[in-house]
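The values are calculated or read from the model by the stated rules, or taken from the named source; none is laboratory data. None of the values given here were measured: they were computed from a predicted structure. Glycine also receives a Cβ, built like all others from the backbone with ideal geometry; neighbour counts cover every protein chain displayed.
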Ligand code: VAH
């Protein structure tokens with residue numbers, strides 16, 4: 001990759017992906033796009049930015065023909081809980097945006113990345129050591145979007161030769177840009193509330209295991225996959241990624257190693273609990289490790305240190 005266009009650049013993953021890519025490939029070689037302007041103090045404004053509604057293919061083609069990227073990273077999407085509240089809007093944005101991005105990648109011969117999710121699995125998927133190739137019958141609109149997206153990427157690769165690459169992300173934990181509308185967001189909110197309130201009320205029940213990963217490992221994995229030799233990429237649908245699997249009591253225990261009096265309470269949201277229950281407990285990442293060297297660096301305790309330190313620094317900076 002040399003010149004990259006990123007959609008959904010103001011989202012939880014998009015924000016850190018833009019910053020990391022600009023660090024590696026040069027500020028001027030990474031075009032951030034999103035449906036709204038960045039905040040006045042956003043570091044995204046330090047490099048090229050363009051307004052883009054991903055359901056508008058004409059505008060997407062205009063931007064691509066002007067910026068002339070060699071890679072398109074399509075990150076714009078509604079997450080699971082938001083999608084469940086408005087399934088038709090989710091279908092239109094998640095699928096309409098994706099097919100436009102794939103069409104433009106085909107027309108302009110761009111290398112292509114878009115994330116799938118453990119949300120692409122469903123209640124009939126094996127819960128433990130979930131393989132990369134297995135039953136995928138998700139029961140959420142987000143999951144239907146993700147499975148459809150995986151199949152669409154595989155189709156554009158086999159039918160048109162587009163170099164499509166994708167991963168199934170677990171819940172991603174970060175402090176730079178908080179997520180919105182996700183089922184796994186509890187594992188981000190808990191850190192902010194632990195520091196700011198000393199307690200957190202989880203919408204996901206105790207004992208609910210889900211795969212998770214610290215954002216630094218996610219960004220590292222995207223770039224490593226995109227830079228991998230194409231001959232090594234055997235799974236054009238998507239690769240399983242995970243850094244760890246835990247349930248709410250375990251992340252609370254990790255936080256108490258730094259905030260001993262931290263209190264975890266529960267007020268379970270039946271919709272997001274239902275989505276979480278339909279996902280695997282622990283997926284298998286061996287294909288990612290064997291085929292292109294996926295190697296996450298953060299376990300739960302290392303992530304807790306990074307999150308607490310990152311939030312403290314962020315709060316200190318906003319108080320000055
Ligand atoms: C969500 N954070 O909760 C996203 C992700 C695996 C979860 O896809 O919807």
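Just a few scattered comments:
- Put simply, of 241, 195 the only residue that is touching a helix residue (DSSP H, G or I) at 6+ places or on another chain (Cβ under 8 Å) and over 17 Å from residue 119 (Cβ atoms) is 195.
- Where a residue in the stretch 128-148 is touching a residue at least 60 places away in the same chain (Cβ under 8 Å) and closer than 17 Å to residue 241 by Cβ and its partner, wherever it lies, is in a helix (DSSP H, G or I) and more than 14 Å from the ligand (Cβ to nearest atom), with Cβ under 6 Å and at least six apart: 132/287
- The stretch 202-218: number of residues that are assigned to a strand (DSSP E or B) and more than 13 Å from residue 190 (Cα to Cα): 5
- Lone unmet requirement of (1) within 16 Å of the ligand (Cβ to nearest atom); (2) over 30 Å from residue 152 (Cβ atoms); (3) out of contact with any strand residue (DSSP E or B) (no Cβ under 8 Å at 6 or more places or on another chain); (4) part of a helix (DSSP H, G or I) for residue 273: (2)
- Residues in the stretch 191-239 that are buried (at least 22 other Cβ atoms within 10 Å of the Cβ) and farther than 30 Å from residue 22 by Cβ: 194, 200, 202, 204, 210.
- Residue that is nearest to the chain's Cα centre (by Cα), among those in the stretch 21-37 that are in a helix (DSSP H, G or I) and crowded, with 18+ Cβ neighbours inside 10 Å: 21
- Count of the stretch 252-270 residues, restricted to those that are in contact (Cβ under 8 Å) with a residue 60 or more places away in the chain and either outside the structural domain of residue 203 (by TED's automatic domain parsing) or in contact with a helix residue (DSSP H, G or I) (Cβ under 6 Å, 6 or more places away or on another chain) (or both), is 4.
- Hey, residue 121 in contact (Cβ under 8 Å) with a residue 12 or more places away in the chain and either within 15 Å of the ligand (Cβ to nearest atom) or buried (at least 22 other Cβ atoms within 10 Å of the Cβ) (or both) or not: yes
- Residue in the stretch 55-62 that is within 16 Å of the ligand (Cβ to nearest atom) and either more than 21 Å from residue 186 (Cα to Cα) or in a loop (DSSP other than H, G, I, E, B) (or both) present: no
- Leading residue by the ranking (farthest from the ligand (Cβ to nearest atom)) among those in the stretch 65-103 that are buried (at least 21 other Cβ atoms within 10 Å of the Cβ) and free of Cβ contacts under 8 Å to residues at least 60 places away in the same chain: 100
- Any chance residue 143 is buried (at least 22 other Cβ atoms within 10 Å of the Cβ) and either modelled with pLDDT under 95 or within 16 Å of the ligand (Cβ to nearest atom) (or both): yes
- Candidates 176, 162 - the one that is in contact (Cβ under 8 Å) with a residue 40 or more places away in the chain, away from the ligand (no atom under 14 Å from the Cβ) and surrounded by fewer than 19 Cβ atoms within 10 Å (Cβ to Cβ): 176
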